Amino acid sequence: MYWSFDLTPTQGVVDHLAATVILALSATPLRLVQQKDSQPRMSESQQPQASQRFQVHLFVTCLADLFRPSIAFNSIALLEEAGCDVTVPMSQTCCGQPGYNTGDYEATVPLAKQFIATFEGADYVVAPSGSCAGMITHHYPRILEGQWHERALDLAARTFELTQFLSEVAGLKRPIEQRSDVGSVTYHDSCAGLRELGIQTQPRHLLNTLCRADLKEMERTDVCCGFGGTFCAKMPELSANMASDKLEMAQASGATTLAGGDLGCLMNLAGRAKREGIEIEVRHIAELLAGDLATPAIGESSQS
Amino acid sequence: MTISSNDFIAQSVVALQEAERLRTRKELGKHMPALRTRAVEEFGDFEGLREHVANVRQHALDNLDYYLPQFEQQAIDNGNQVHYARTGAELNDLVLSICQRHNARKIAKGKSMVTEETELNHHLERAGLEVVETDLGEYIIQQAGETPSHIVGPALHKPEAEIRELFLDKHPLGPRELEDPPAMVEEARSVLREHFLSADVGIVGANALIAENGYSLLVTNEGNGDLCANLPNILIVCTTMERVLPRARDAAALVRLLTRSTTGQSISCYTSYYSGPRRQDDIDGPLETHYVLLDNKRSDILASDYKDMLQCMRCGACLNHCPVYIGAGGHAYGSVYQGPMGSVLTPLLSSLEESHTLPSACTTCGRCAEVCPANIPLPDLLRDLRHDESRSKLGSGRWRVSMKLHAWVSQHPRLYQLLTGLGVRTLHRMGRRRGGFSRLPFASGWTQERDFPAPQKDTFMHQYRKQAAQDE
């Protein structure tokens, strides 16, 4: 039995605020696939010399900040291992995805501007989430105009999802003897990372080169897990149906760990697995890459 | 139509409980994408073709004031009559008046989403005409008195046994087995053949109108479109103005995209171009042919930020690839257009008031846009419709207010960190032993279907700040 908490069943504004803060970080959006190439990137000459250390500002993302700080701590460890100086801007909050994906662009614009002002001093911005990185690279330019649009594009060119940065920019490598065994893993491609940022090979490559992982691909790994930000709370039955399908495919792969790059999707999957009594460890890719199996998997008890 | 689009959530919950139909949709969701993928890979530069056709169609839409009159003139020169209908009611009246002028009693219809949109059949039947749908799927749902659940496969929701019962009930052919689908298809074919031969008017749709020669294009897999178009004396093509393409070769390019996206076929079984009435040396064909071109708000869409939606070629790929459609089924959308394309089109063709739930029936996963042969940025359009919904305050007030509040708190980092810290530490203390919550009063939408994983001991920001202080 899980800890059960039953107060008044009525949902007030505060309830919804809380629900929103907690649930609404969408793992989604999208741009057309062929536009991936048009995403601005730094030219060779702009990139720091090999001898320089990468100056990285970490965007923790609000879900990791609130629910799973180990993702951020492991991200810092990985970035430092890759030769980066990591700064965590302390005034960061949320990138504005919840409001944006529910159509409240007006409420999103000030958050986008705040984010840009907070992070634009960085050489690189790295986020352990495809949907948050995609929000910055793809959607800020879409909702900002004039000078702010230009600043958004400029920041977009320096913003990366964690596995993308580690493999494509920092080129993190690890000697064989330092690679820890993370068991059998199946990787769920979160939608925004996959379709906005083209993240598919990077996490698998890193699992194979930084750890000893037995990668087992599940069927139709490109299908949404049903999280979708506020979707999972607005249409819970449809969302749960999708999560169950995903878990069924993950189980059929034979892997004991289900990994992914977006905590929203992972909380949805771990929560559904618990509800259905499905035995599978759900973890963020940063934890596996850092070899941190000591931290209980998502949704597991933290008291032995 | 009795189901309202704003009942989507309740209807989808019902659909999820219909186990057999859900299983069928899940099979569809597996096999149709696989067929499409194979066809696209075999083709080679599908991306290049997609971009080419999208550019051509954009050009045609941007210059509709040139190509539409060109099509009209060419079609008239070929002996057709061309009519324009601003609304669905106007299209229905125009078609009825043509039928009545010829004292028609029976109409054989090919598959046409435009006439589904205008509910033409009801209009003609109310005037005493007999209308027979001849596409097998459309025929099945017409016999059953149901609405289409998929724009390409309108009867996909009907299990085999239901169709057998339906045919045994509706066809007065005495006791028989109808043991398998081929037997049922054979029976429908022979029943329909009589209708083709006795119909006074044929009505079909069009996949494209070709400006340079005034022809229309129709693809079918059953050949029923050609029988509707060639056997009755009168042919009426009902379609919409955004189907216009400049050249015949553009229509050929469109077919390459369309059939691969729809069924994974390299070409449909029947791909027909209609020029006009029977000429002197022709051995068959209609004596009189009409085009009825419907607007029904498409001019407004063309002038709006949603004009990309006019590139939709009704292939159904977005439905087949949409996990929400697969779960909810087509009828939940309360519209003749379902899935991602339907969730964009329905609010635009009716009103956002009547269908503002539909744009939220989407995780913005983007699989639809990835496979859309017309390159329509469906998730962006759906999100923009949510923006319209938000601005016109149509949806839930609680969500709207909580978004505003969330945005406001997020703009005050100290307050944000104070509140999140308090909340997280409380949740951690309550949930750490079990690892999660099976019920949380403020997240009932979440915990209705899944446990809520408990947070680790404190927010990252608090832990990091403490750690930094210790280091100093």
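The values are calculated or read from the model by the stated rules, or taken from the named source; none is laboratory data. Because the structure is a prediction, the values reported are computed rather than measured. Reconstructed Cβ throughout: ideal geometry from the backbone, glycine too, with neighbour counts over all protein chains shown.
Of all the listed residues (A:55, A:114), the sole one being within 26 Å of residue A:170 (Cα to Cα) and surrounded by fewer than 22 Cβ atoms within 10 Å (Cβ to Cβ) is A:55. Against the conditions (1) loosely packed, with under 15 Cβ neighbours inside 10 Å; (2) more than 22 Å from residue B:232 (Cα to Cα), residue B:190 satisfies every one except (2).
The number of residues in region A:138-165 that are assigned to a helix (DSSP H, G or I) and within 12 Å of residue A:125 (Cα to Cα) comes to 6.
Condition check ((1) farther than 20 Å from residue A:119 by Cα; (2) touching a strand residue (DSSP E or B) at 6+ places or on another chain (Cβ under 8 Å); (3) outside the structural domain of residue A:117 (by TED's automatic domain parsing)) across all residues:
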site: A:58; (1), (2), (3): no, yes, no
site: A:63; (1), (2), (3): no, no, no
site: A:68; (1), (2), (3): yes, yes, no
site: A:90; (1), (2), (3): no, no, no
site: A:96; (1), (2), (3): no, no, no
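Inclusion of residue A:260 among residues that are within 20 Å of the chain's Cα centre (by Cα), away from every other protein chain (no Cβ under 12 Å) and either crowded, with 24+ Cβ neighbours inside 10 Å or within 25 Å of residue B:362 (Cβ to Cβ) (or both) is warranted.
Sub-6 Å Cβ pairs linking a first residue in region B:152-164 that is more than 14 Å from residue B:135 (Cβ to Cβ) to a second residue that is buried (at least 21 other Cβ atoms within 10 Å of the Cβ) and among the small types (Gly, Ala, Ser), at least 6 apart or interchain, are B:157/B:149, ordered by first then second residue.
Does residue B:388 meet the test of being touching an Asp or Glu at 6+ places or on another chain (Cβ under 9 Å), closer than 30 Å to residue B:325 by Cα and either surrounded by fewer than 17 Cβ atoms within 10 Å (Cβ to Cβ) or within 8 Å of chain A (Cβ to nearest Cβ) (or both)? No; evaluated as a whole, the condition is false for this residue. Look at region B:2-24: where a residue is within 12 Å of another protein chain (Cβ to nearest Cβ) and more than 10 Å from residue B:331 (Cα to Cα) and a partner is surrounded by 15 or more Cβ atoms within 10 Å (Cβ to Cβ) and among the β-branched types (Val, Ile, Thr), sitting 6+ places away or on another chain with Cβ atoms under 9 Å, you get B:9/B:357; B:22/B:326. Within region A:229-264, the residues that satisfy the criterion of being at pLDDT 95 or above and either touching a Pro at 6+ places or on another chain (Cβ under 6 Å) or outside any helix (DSSP H, G or I) (or both) are A:235, A:242, A:253, A:254, A:255, A:256, A:257, A:258, A:259, A:260, A:261, A:262. If the condition is being of a type outside the set (Lys, Arg), part of a helix (DSSP H, G or I) and either outside the structural domain of residue B:289 (by TED's automatic domain parsing) or within 14 Å of residue B:200 (Cα to Cα) (or both), then region B:93-136 contributes B:95, B:96, B:97, B:98, B:99, B:100, B:124.
In the set B:356, B:321, which member is over 13 Å from residue B:12 (Cβ atoms) and facing chain A (nearest Cβ under 9 Å)?
B:321
For region B:180-228, the set of residues classified as under 25 Å from residue B:253 (Cα atoms), among the aliphatic types (A, V, I, L, M), in a loop (DSSP other than H, G, I, E, B) and more than 20 Å from the chain's Cα centre (by Cα) consists of B:211 only. Of everything in region B:459-472, what is at pLDDT 90 or above, surrounded by fewer than 19 Cβ atoms within 10 Å (Cβ to Cβ) and part of a loop (DSSP other than H, G, I, E, B)? Give them in sequence order. Those that are at pLDDT 90 or above, surrounded by fewer than 19 Cβ atoms within 10 Å (Cβ to Cβ) and part of a loop (DSSP other than H, G, I, E, B): none in region B:459-472.
Pairing each residue of region B:236-259 that is free of Cβ contacts under 8 Å to residues at least 12 places away in the same chain with any residue that is part of a strand (DSSP E or B) and surrounded by fewer than 24 Cβ atoms within 10 Å (Cβ to Cβ), provided the two are 6+ apart or on different chains, yields C-beta distances under 9 Å for B:252/B:217; B:252/B:271. Scanning region A:69-106 for residues that are more than 9 Å from chain B (Cβ to nearest Cβ), more than 27 Å from residue A:179 (Cα to Cα) and polar (S, T, N, Q) yields one hit, A:97. Consider region A:235-250 and keep the residues that are in contact with a helix residue (DSSP H, G or I) (Cβ under 9 Å, 6 or more places away or on another chain) and of a type outside the set (A, V, I, L, M). The one that is surrounded by the most Cβ atoms within 10 Å (Cβ to Cβ) is A:239. Would you mind stating whether residue B:402 is under 31 Å from the mean Cα position of the chain (by Cα), among the small types (Gly, Ala, Ser), at pLDDT below 95 and within 25 Å of residue A:271 (Cβ to Cβ)? Here the answer is no, as residue B:402 does not meet what is asked. Counting only residues that are more than 16 Å from residue A:97 (Cβ to Cβ) and within 7 Å of chain A (Cβ to nearest Cβ), region B:401-419 holds 2 of them. When we screen A:230, A:221 for residues that are touching a residue at least 24 places away in the same chain (Cβ under 8 Å), surrounded by fewer than 21 Cβ atoms within 10 Å (Cβ to Cβ) and either of a type outside the set (A, V, I, L, M, F, W, C) or on the phi > 0 side of the Ramachandran plot (or both), the only hit is A:221.
Is at least one residue of region B:116-136 farther than 20 Å from residue B:201 by Cα and out of contact with any strand residue (DSSP E or B) (no Cβ under 9 Å at 6 or more places or on another chain)? Scanning region B:116-136 turns up no residue that is farther than 20 Å from residue B:201 by Cα and out of contact with any strand residue (DSSP E or B) (no Cβ under 9 Å at 6 or more places or on another chain).
Within region B:352-364, residues that are in contact (Cβ under 8 Å) with a residue 24 or more places away in the chain and of a type in the set (A, V, I, L, M, F, W, C) sit with their Cβ atoms under 8 Å from residues that are assigned to a loop (DSSP other than H, G, I, E, B) and surrounded by fewer than 22 Cβ atoms within 10 Å (Cβ to Cβ), at 6+ positions apart or across chains, in these pairs: B:352/B:392; B:352/B:394.
Per-residue answers, yes or no, for (1) surrounded by fewer than 19 Cβ atoms within 10 Å (Cβ to Cβ); (2) of a type outside the set (Phe, Trp, Tyr); (3) over 17 Å from the mean Cα position of the chain (by Cα):
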residue	(1), (2), (3)
B:273	yes, no, yes
B:293	no, yes, yes
B:325	no, no, no
B:330	no, yes, no
B:340	no, yes, no
B:346	no, yes, no
B:373	no, yes, no
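Scanning region A:281-304 for residues that are outside any loop (DSSP other than H, G, I, E, B) and of a type in the set (D, E, K, R), which turns out nearest to residue A:81 (Cα to Cα)?
Initially, region A:281-304 is screened for residues outside any loop (DSSP other than H, G, I, E, B), giving A:281-289.
If we keep only those that are of a type in the set (D, E, K, R) too, we end up with A:281, A:283, A:287.
Numbers: A:281: 26, A:283: 20, A:287: 14 Å.
Per the stated criteria, the residue is A:287.
One residue stands out among those in region B:417-448 that are crowded, with 23+ Cβ neighbours inside 10 Å and not in a helix (DSSP H, G or I): the one that is modelled with the lowest pLDDT, which is B:440.
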